[in-house]
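In what follows, a structure is listed as structure tokens, so that the remarks can point back to it.
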Amino acid sequence: MDGGEEELTAHETALYDRQIRVWGVDAQKRLSKAHVLVSGLNGATVEFCKNIVLAGVGSVTLMDDRLVSEEVLGANFLISLDEYANSNKSVAELCAESLRSFNPMVGVSFLSGELSQMDGQFFDKFDVVVVCSFSQKDKILINETCRKRQKRIAFYTIDCRDSCGEIFTDLQNYTYMQKKGDERIERQLNYPSLEEAVLIPWKDLPRKVTKLFFAMRVLEKFELLEGRKPGETSLADLPSISKLRKDLCEAQGLKESHLADSLLERLLAAGKMEHPAVCAILGGILGQEVIKAISGKGDPLKNFFYFDAADGKGIIEDITVPDAVTA
């Protein structure tokens, strides 16, 4: 994500004047050269797309072959009711058409296909990859593909379940400048892959890790075992999920009471319906984090973020492989 030597045009300087005052010309130059891929468009990712398009990222490529449904419209403000009634276009195509009007300076396009089936060279075109509503298996596969490329590709997952949400970040080996008083010091953060993070034994995690981390893993495991797509669960599945929770807690050396039924019940209550307010918060946080990663300005999130509308709190959890080096 090098800034390069190209200067901003007079039009870009005028358009982005306010944010240039916040994070500087070099950061804006890096943004204007960055290419972002977003696969899976729900309320949180369309909020994210809006934010980075307005910020002036170089290009955004969208992938989501679904046709528009009432479920999609729930929190997706980029698609109108008229388009739902009269269009046979994919969600990605309709969202791309809408996003172009937010900032003509940003290239917005869409692609068809399954991201998990793309070869490694496909990913070389992008600096940032964001996925939403993917199975844990596919998220791990895509994350590993990004990590194997010659250049560093920032990888993010974002998921909403009822009134709660999760963001995962993998910046691999990331170096940035941190301001301390009047000085700027170089810091390096070493991120684990998603697979490494979720395979850490639960008994080895700090006692205060949010229960949402464990709840998300239980739901992902249930969907994998049952062959369900992400979010294809409901309150009717609670007895089976509770049994799986008990089995996983026993296998991980934790008491079953560590993860209450009440939390699982809340995560299942809405099914596939999204809470627009929660999506707006998560999409806003992800937008900030991607801008940090591209621009090198600000301390990046490491490596999980959770939001729960029940208490309105956002929590950062550093779920790191034991003995990982952090400078």
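Worth pointing out:
- Protein accessible area in the chain, 1.4 Å probe - carbon and sulfur %: 49
- THR175-LEU224 pseudo-label distance in nm [points 7 Å out on the Cα-to-Cβ vector]: 3.5
- In a reduced charge model with +1 at each Lys and Arg Cβ and -1 at each Asp and Glu Cβ, the chain shows a dipole moment near 680 debye about its Cα centre.
- Charges were assigned to the Cβ only: +1 to each Lys and Arg, -1 to each Asp and Glu. The resulting dipole of segment 110-155 about its Cα centre is roughly 220 debye.
- Top positive-direction residue, dipole computed over the chain with Cβ charges, set VAL278, VAL290, LEU235: VAL290
- Using θ = phi - 60° and Karplus 6.51 cos²θ - 1.76 cosθ + 1.60, couplings along segment 92-104 (whole Hz; Gly, Pro as x): 4, 5, 5, 5, 4, 4, 6, 5, 4, 6, 6, 7, x
- Net charge over other residues, Cβ less than 12 angstrom from the Cβ of VAL46 (K, R count +1; D, E count -1): -2
- In this simple spin-label model, placing a label point 7 Å from the Cα along the Cα-to-Cβ direction at both ARG187 and ASP311 gives a separation of 2.4 nm.
- Using the Karplus relation 6.51 cos²θ - 1.76 cosθ + 1.60 with θ = phi - 60°, the per-residue 3J(HN,Hα) values for segment 254-267 come to 10, 6, 4, 5, 4, 10, 6, 4, 4, 5, 4, 4, 5, 5 Hz, with x marking Gly and Pro.
- Sorting the segments 42-50, 255-263 by their mean number of nearby beta carbons within 10 angstrom, highest to lowest, gives 42-50, 255-263.
- Karplus-derived HN-Hα couplings along segment 13-26 (A = 6.51, B = -1.76, C = 1.60, θ = phi - 60°), whole Hz, x at Gly and Pro: 4, 5, 5, 9, 3, 5, 6, 4, 5, 7, 10, x, 5, 4
- The chain, helix-only ellipticity at 222 nm - DSSP H runs n ≥ 4, -39,500 (n - 2.57), divided by all residues, nearest 500: -12000 deg cm²/dmol
- 13 Å beta-carbon shell around ASN88, net charge (K/R +1, D/E -1): -1
- Local net charge near LEU286, Cβ-Cβ under 13 Å (Lys/Arg +1, Asp/Glu -1): -2
- Beta bridges per DSSP, both residues in the chain: antiparallel share near 60 percent.
The values are calculated or read from the model by the stated rules, or taken from the named source; none is laboratory data. These numbers come from a predicted model, not from an experiment. When we count neighbours, we look across all protein chains shown, and the Cβ atoms used for this are built from the backbone with ideal geometry, even at glycine. What goes into the accessible areas is simple: the full protein's heavy atoms, side chains included, and nothing from ligands, DNA or RNA. Shrake-Rupley method; radii C 1.70, N 1.55, O 1.52, S 1.80 Å.
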